[in-house]
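The numbers here are math on the coordinates, done by the rules we state, and not lab data. In this text, all values refer to a predicted model and were calculated from it rather than measured experimentally.
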Amino acid sequence: LMTTTMSAFPKVAQRLVENGMEIPFICAGGAVNRAYVESYPLGIYAAAAAQGPGIANKAIDGWDWKKIRSKWDDITSGKA
């Protein structure tokens, strides 16, 4: 991800919401941080690629984006 393309994340999230798809939307890359990704609906931050599967598994288990955000520290540390 480049800083010139990071503005696409909130736009994609908005389109998902507009289409009734309130699903966790994992966003990562060197140009973003957790605060940025959590500044728009659906965004779930992944600091490293290795965190993606744990986050995705929670979504598969039925966790919504709000629950994943609230338990992010536990999920990414392997405690949840």
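Among the lysines, which fall within straight-line cross-link reach of K79, defined as a Cα-Cα distance under 27 Å, with same-chain neighbours fewer than 8 residues apart omitted?
K58, K66, K67, K71
Taking only DSSP H segments of four or more residues, each worth -39500 (n - 2.57), what value at 222 nm results for the chain once the sum is divided by all its residues, to the nearest 500 deg cm²/dmol?
Here the helix-only value at 222 nm equals -11500 deg cm²/dmol.
Over the chain, what is the relative contact order in whole percent, taking alpha-carbon pairs under 8 Å and six or more residues apart?
That works out to 27 percent.
Check which residues have an amide H placed less than 5 Å from I44's amide H, if you skip close sequence neighbours.
Distant-sequence amide H within range of I44: F25, I26, C27.
Which entry is the computed Rg and Dmax of the Cα atoms in Å for this structure: [x] 15.5, 53; [y] 24.8, 76; [z] 12.0, 35?
Label of the calculated value: [z].
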